[in-house]
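**Q** My questions will all concern the structure given below.
Values in this text are rule-based calculations from the coordinates and carry no lab data. Note that this is a predicted model, so its numbers are computed, not measured. Note that we place each Cβ from the backbone using ideal geometry, even for glycine, and neighbour counts take in every protein chain shown.
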Amino acid sequence: MYKTLFVVLLLVLFVVSPILVTYGENDSIRIEVYSDNSVKLYLSGSQEVDFDGTGNIQVEYTFGEDNIRIVFSGELNDVKNTNTVSELTFSFNQSISSNDAVVNGVTDIVFELSSSNGSLILRGNDILYHATKNPPIENYCGEIAIAVEGGISDVLGMFFLFLNELMVEMYLQQAGITWIDISKLSVSTQDGKYIIEFNITVDMDKYAEYAEEYMNLSREDVLGSFNKSFTEGFMEINTVFSLKNSSLKMYFELNTTYPPEVAEEKIGEYSSLNMTWVPGSIELPGWIPFNKTMDIVESEEFQEFIAFQMATAGLIAYAAEEFEVLPSSGSIELSFNNGVMEYSIETPKIRAKGAETPKDTLNALVEFFETYKQLVKSNSVLEEMYGEEVDEMLEKTATVTPGDENVEVEPSTVKLKDLSKVNVTVSETETSTGVIENLVQNPMALIAAAIMIAIIVILLLKARG
C-alpha cells in the first residue's frame with residue numbers, strides 16, 4: 001500500500017546517500033518540544049562530498065487538516081561533463097476529482113528525446129478519463145501527436161500501419177478480450193506528425209469475470225479496488241524532468257484531499273505511466289550510461305548503496321510504526337558547490353504513539369537511534385563501513401528548545417543518548433482534536449516523517465565525531 005509514495009519520497013534519499021563521503025564538524029542538531037507531546041527535529045550544516053558540480057534540491061511538504069501537499073524540485077549540473085550526447089524532457093500533469101458515483105480526470109503529457117540517432121516527440125493534451133460506479137465502466141479518450149526523425153521513423157511508420165481500429169479489434173477477439181470496446185482508434189498524418197485518436201471503454205464487470213477465471217483473482221478484489229476511487233476528493237500531480245547539457249532538472253508536486261488508501265491507488269497509476277524505457281544505446285550526459293547498467297550493478301559501490309538503502313528502509317518502517325504525525329510542515333534543502341554540500345532539514349511534528357508527556361517522545365527518539373545502530377550492526381557490509389561511526393552516533397550533541405509558550409526544558413544542551421534526562425515542564429496540555437487523530441493514521445504522513453528522520457540519522461551516522 002505504501003510503495004508508490006514510498007518511492008517518490010525516497011528519491012531524495014537515493015540522491016543524497018551515494019554522494020555522502022565525509023562529514024564536517026559544523027553540523028547543528030536542534031529539537032523543539034511541544035506541549036501536545038510532539039517534537040520537531042532540525043539539522044543543518046555543511047559537508048564535503050564527492051561531487052564537483054553545482055545544484056540544489058528542495059523538498060517541501062505540508063500535512064493540513066484535510067489535505068496533503070508535497071513538492072520536490074532540484075537542479076544538478078555536472079561541470080566535468082559538458083558533452084551533449086542526448087537531451088530528454090518529460091512532463092506529466094494530471095488532475096482527478098471524484099465523488100461516490102463518478103470519477104473524472106484530465107491528463108497532459110509531453111515526452112521529448114533527441115540524440116545523434118534522431119529524435120522523438122510525443123504530446124498528449126487533454127486526455128480524458130471518466131468512470132462510473134454503476135455500471136462499473138471506465139472510458140479513455142483523447143489525441144496523441146508523435147513526431148519522429150532519424151533511424152526509427154520507418155519502423156514506427158510500419159507499426160502505425162497496424163494500429164487501427166479493425167486490426168486491434170481482431171487481436172482482442174482472438175485473445176478473448178471482451179471487456180474492451182473501441183469506439184474510435186485511428187492514425188493519421190498532419191504536418192509531419194502521426195496523430196493517434198482514441199475512444200476506449202473498459203467494462204470492469206466483464207474484466208472481473210475474466211480475472212476470476214484466468215488470473216486467480218476474485219471478482220470482489222477486482223471491483224473492490226476499482227470502487228475505492230469513488231470517494232469525495234481531489235488530486236493534482238505535476239511533474240517535469242529535463243536533462244540537457246549535463247544539467248538535470250526535476251520537479252514533482254502532489255496536492256490531494258483523498259484518504260490515504262485512495263491517493264496511494266492513484267499515485268500507483270501515475271507511477272506506472274511515469275516509468276519510461278530508454279534505448280540502451282543512449283548515454284545521458286554527466287550521468288549513468290544506460291548501456292553500462294550491469295557494470296554499475298556489479299560494482300562494490302552499488303552493493304554498499306543497496307545495503308545502506310535496505311537498512312534505511314528498515315528504519316523507516318520502524319519509525320512509521322512507532323510515531324504519529326500531527327498537522328504541520330517540513331522541508332529538506334540541499335545545495336552543492338565545488339565539492340561542498342550545505343543542508344537544512346526540518347521534520348514535521350512527530351509524537352510517539354501513546355505518548356502522555358513530551359518525555360515519552362524524547363525517550364522514543366533514543367530508542368529510534370538505538371534501533372538504527374542495531375540495523376547497521378546486523379549488516380556485515382554496513383558494519384565494516386560504519387561500525388565505528390554508529391557507535392558514536394548517540395554521542396552527538398543536540399540543542400533542546402521549547403516549541404511553544406507552554407513548555408519549559410532543562411538542560412537545553414544534551415547528548416542524544418541523554419535526551420531522556422531532559423526535564424520538560426508543561427503548564428497547559430493541548431488536547432488532540434478529531435482532525436489530528438485522523439491525520440496521524442495517514443500512512444503518507446507517517447512515511448514522509450519517517451523519511452525525514454531517516455535522513456537525519458544518515459547524516460549523523462556519516463558524521464565524524
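**Q** How much length is gained on full extension from residue 171 to residue 377, taking 0.36 nm per residue of separation minus their Cα-Cα distance? Walk me through the numbers on the way to the answer.
**A** Values: separation 206, 0.36 × 206 = 74.16 nm, distance 5.56 nm.
Residue separation times 0.36 nm, minus the Cα-Cα distance, leaves 68.6 nm.
**Q** Sticking with this one: How would 91, 115, 427 line up from fewest to most surrounding beta-carbon atoms within 10 angstrom?
**A** In order of increasing Cβ crowding within 10 Å: 427, 91, 115.
**Q** Check residue 177: other-chain or 5+ apart residues with amide H under 5 Å from its amide H, H built from backbone geometry?
**A** When sequence neighbours closer than 5 places are left aside, there are no close amide H contacts.
**Q** How big, in percent, is the set of alpha carbon pairs in the range 79-218 lying more than 23 Å apart?
**A** 52
**Q** For the range 127-205, rounded, prolate or oblate, judged on the Cα gyration tensor with a ≥ b ≥ c (square roots of eigenvalues), a/c < 1.5 rounded, else prolate if a/b > b/c? Write out the running numbers ahead of the final one.
**A** On the way: a/c = 3.29, a/b = 1.75, b/c = 1.88.
Oblate.
**Q** At residue 110 and residue 60, where each label point lies 7 Å from the Cα along Cα→Cβ, what is the point-to-point distance in nanometres?
**A** Simple spin-label model gives 2.3 nm for this pair.
**Q** Right, here's the next one. Test of understanding: what is the full-extension gain from residue 397 to residue 119, defined as 0.36 nm times their sequence separation minus their Cα-Cα distance?
**A** 94.6 nm
**Q** May I pose another question? Could you give each residue of the range 38-46 its phi-based ³J(HN,Hα) in whole Hz, using Karplus coefficients 6.51, -1.76, 1.60 with θ = phi - 60°, and x for Gly or Pro?
**A** 3J(HN,Hα) across the range 38-46, in whole Hz: 9, 9, 10, 10, 10, 9, 8, x, 9.
**Q** Okay, next question. Considering the range 205-262, what Rg and Dmax in Å follow from its alpha-carbon atoms?
**A** Computed over the Cα atoms of the range 205-262, radius of gyration and Dmax are 18.4, 52 Å.
**Q** Grab the beta carbon distance between residue 153 and residue 197, set R0 = 25 Å, and tell me the FRET efficiency rounded to 0.05.
**A** Working from the Cβ atoms, E equals 0.75.
**Q** Still on this structure: Could you tell me which of the pairs 349/373; 184/249; 133/249; 228/373 are separated by over 31 angstrom between their Cα atoms in the structure shown?
**A** On the way: 349/373 23 Å; 184/249 37 Å; 133/249 39 Å; 228/373 40 Å.
Correct reply: 184/249; 133/249; 228/373.
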